[in-house]
1. Condition test on VAL662, is it over 29 Å from LYS566 (Cβ atoms) and of a type in the set (A, V, I, L, M)?
2. Can you find a residue in region 133-145 that is surrounded by fewer than 13 Cβ atoms within 10 Å (Cβ to Cβ) and part of a strand (DSSP E or B)?
3. Which of (1) buried (at least 20 other Cβ atoms within 10 Å of the Cβ); (2) touching a Ser or Thr at 6+ places or on another chain (Cβ under 6 Å); (3) modelled with pLDDT of 90 or more is the odd one out, the single condition ILE650 does not satisfy?
4. Quick one: which of LEU34, LEU12 is open to solvent by less than 30 Å² (accessible area, probe 1.4 Å) and either modelled with pLDDT under 80 or outside any helix (DSSP H, G or I) (or both)?
5. Being within 30 Å of LYS89 (Cα to Cα) and either outside any helix (DSSP H, G or I) or modelled with pLDDT under 70 (or both) is the requirement here; does ASN399 meet it?
6. Among the residues of region 513-535, what is the count of those that are part of a helix (DSSP H, G or I), under 30 Å from ASN262 (Cβ atoms) and among the aliphatic types (A, V, I, L, M)?
7. Quick one: GLN737 ticks every box in (1) of a type outside the set (D, E, K, R); (2) assigned to a strand (DSSP E or B); (3) open to solvent by 20 Å² or more (accessible area, probe 1.4 Å) bar one, so which box is it?
8. Within region 584-621, can you find the residues that are more than 60 Å from the chain's Cα centre (by Cα), under 23 Å from HIS680 (Cα atoms) and either in a loop (DSSP other than H, G, I, E, B) or of a type in the set (Phe, Trp, Tyr) (or both)?
Amino acid sequence: MDINGKDKMDDLESGRLSFDFRGFLFKALILWKLILLCIGFALVIAYLINVRKQNIYRLDSLISVENDQNPFFTANTSISFNWGGVSGKVGKIITTVKTRTHNQLVVDSLQFYMQYLVEGKYRKVDVYKDTPFRFELDKSGPQILNRPVGIRYVNDSIFEVFTNFESNVASGQVYSDKSRRRISVPTGSFTKRLKYGDPFTLPFLKGTMHLRSSRKVIPGTEIYLNFSNFDRVVNRYKGAVKIAPFSGASSAVLRMQLSGTNKAKIVDYLNATASILSKTELKSKNLYATNTIKFIDSSLSAVDRSLKDLNDEMNDFRKLNKVFNVGEEITQISAELRRLDLAKENEKSKLDYLNNLESYLNTKNDYTNIAAPTSVGIDEGNILSGVSKIIGLSIERQNLEYTAQEGNILFKDLDRQIESEKQVLLETINSTKQTIGIRLSTINRNIASLEGELSNLPEEEQEYLKIQRKLSISQEAYNVYIAKRSEAAIVKAANISDITVIDAAKDIGGGLIGPNKTLNYMMALMVGFFVPMFFIFVIFLLDQTIHGSDEIVQLSRIPLLGLVGKYKYRNNLVVFEKPKAAVSESFRAIRSSLQFIYKKQEIAGGQTLMITSSVSGEGKTFCSINIATVYALSGKKTILLGLDLRKPKIFGDFDITNDIGVVNYMINDNTLEEVTFETHIENLSIVPSGPIPPNPSELLMSERMSELITRLRGEYDMIVLDTPPLGLVTDALELSQYADATIFVIRLDYTKKGMLQLINAKYNAGEVKNISFVLNFYKHKTNHNYGYGYGYGYGYGYGYGYGTYGNAYHDDGKGPSVLKRIKKYLGFKN
């Protein structure tokens, strides 16, 4: 016995389980047809999935985000700053593409809530613009949702609308305001013919159908219009567009990708997304200029009225006082006063801006809308720097809100920086206001001094100079506003978006990303292989049936005496009726092996042989009859005792009844001669069991049984005892005391491994002696010793009921069932 076999036997005897990997592989090889069938089935399913799935494409486009300097910022004037830099814009655009607002604009502009469908092989297919018709929907009326409406081509002037309604109420949507409402529809089949180009109104459809003149249409061609809920379409596209910095380029270049089943729709959606992003960015960029122009226009109107009033006042004054000019010295003083007045107005504008900025900083939390200090002439470096930093940090915090939750430590850090910069800026504002106040005091003193020099002039000249000063200030303000408005208008007209399309989306072939047919087939191969392998593994793990002679050798120290092959015959008398058959030779070999056992014993009189098994159905009676036959045919006077008193069977093959037998002899109803029957086989006698007694164990343990064996030893050369199964009752164990040799029958693909534990325990305890195994129902190809692998069989129950084991050798004219044939073909054993 090899070491592995010894280990397995020790494991079995100690109750431990061991896994026979080699046996599992043999089991899988035997069931290769099942595995191949599962793989084929899985591949067929993968094929059906592949041909039914629509192709999925992915296309992309590239856009760049530039950091153009705001055109209002020049050496002399600055209306606005370009805060945030490229990184801020990139983050904003990435977030914008994923927002609902942006996708609403794109879906609405492309009307992607309306689909053109044609009947395909497996489903209705979206053909987008590849249709002979174009429907111009009327957004003011409701369109039916999620119910395809058929359009059939009749001729070049008429088309037919057809559909079918199971209910008189349906759901519709008005796409002008995106409201949903219940609409009444006609029940049953609906058909109506209409003309191309004529607006029509149906309860469920409103619009105008146009025929594409470039398409040749076959009469009877059908398409379907299907309208989807606007919000659902937007939600679907909101997460569909993937946008990220383009690999290998600067962070200012973004790549947009979209996947779908129709490449034309993907192209249009990506290009529309880029276009709307560009327009939105340009609109946002021009917003300050537009507001500035509006502000200047309103200011110009007021200045214009003031200038007109001052001109009228000057003309009226000159007419009444006849004063048209003053002296050269007075003119110089007047010019200096005008200069001081302009300087005073400029300083007051600065002071008003600083007061408003201080109030804004103390009352507001959003600092992104602070106007540029240089717009009022403030060029203090600390103020410019402070405002720039605060706005930059505020925009950074605003962008962070799209990607981080409130309460994040990054928000606290930014708020801390903003607060620090704000305090520094407020201190700078106070300092600058004090400086401006000093300058205003100086200007006011200079103005008062010059006005004092003019106080000696006549009253008419003084009044003239006052009007002239006002007129000059108004004219100067008017000129400044006109210049500012011209600058803003020119820059707005010449302005371009910071978003530029580098590579527009286009269908140039390719782009196919799914379905991944190769992957599906690979998955099918894996599933088709591993599922049956797992099934086989579970079956193998749960299967405790003996499938080969090598298992017997590994699991027990009891020797294997011989093998009896599987042989189908009409009865159990195989050795007598088919002496040249291989199975007959097997019994002769067993007879020869038994001689070695008997020679080691000094037996007086006839030799006894007990034949038992673990449970019924293992061929115990079959082996008893044929072993007794081979001894009788060899010239030895042989008797076969039917000691299975609970389930007698041996009488049937010899055409005798079971009316009397061993039981009658045991209870002294009949003599041995009366219960012994001669068979048609020379030298073979048989004693059947007789009627089933209520106490079989007590009868077999009685002194009468001992007397019977003693008497038979004196009259016969060979006594074969057909006993009950050892694994079910104790009768066989009681009879073992009369046996010179014992054969324990094991049936291939039937006997459980656990039964060997029982006989091993009794053998090790010395309760049975001179015992050997005979493997019945043996098939050469299932024996491990020859490398062919396992047979297969499971599910046999324990229970004391024999059935007719001999029927396995009977030819009753009935062929195997369809299920048994399939199991046999796949490799399953019966």
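The values are calculated or read from the model by the stated rules, or taken from the named source; none is laboratory data. As the structure is a prediction and not an experimental result, all values here were calculated from the model. Using ideal geometry, Cβ is built from the backbone for each residue, glycine included, and neighbour counts are taken over all protein chains shown. For accessibility, only protein heavy atoms count, side chains too; no ligands or nucleic acids. Shrake-Rupley method; radii C 1.70, N 1.55, O 1.52, S 1.80 Å.
1. On the way: over 29 Å from LYS566 (Cβ atoms): yes; of a type in the set (A, V, I, L, M): yes.
So VAL662 passes the test.
2. If we filter region 133-145 for residues that are surrounded by fewer than 13 Cβ atoms within 10 Å (Cβ to Cβ), which is where we start, we get 136, 140.
Those still in the list that are part of a strand (DSSP E or B) too: 136.
Taking every residue of region 133-145 in turn, at least one turns out to be surrounded by fewer than 13 Cβ atoms within 10 Å (Cβ to Cβ) and part of a strand (DSSP E or B).
3. Status for ILE650: all satisfied but (3).
4. Values: LEU34 fails: either modelled with pLDDT under 80 or outside any helix (DSSP H, G or I) (or both).
After applying the criteria, what remains is LEU12.
5. Numbers: within 30 Å of LYS89 (Cα to Cα): yes; either outside any helix (DSSP H, G or I) or modelled with pLDDT under 70 (or both): yes.
Considered against the rule, which asks whether it is within 30 Å of LYS89 (Cα to Cα) and either outside any helix (DSSP H, G or I) or modelled with pLDDT under 70 (or both), ASN399 comes out as yes.
6. Of region 513-535, the ones part of a helix (DSSP H, G or I) are 517-535.
Still in the list and also under 30 Å from ASN262 (Cβ atoms): 517-524.
Now narrow it down to the ones that are among the aliphatic types (A, V, I, L, M): 519, 522-524.
Residues meeting the conditions: 4.
7. (2)
8. Scanning region 584-621 gives PHE587, GLY606.
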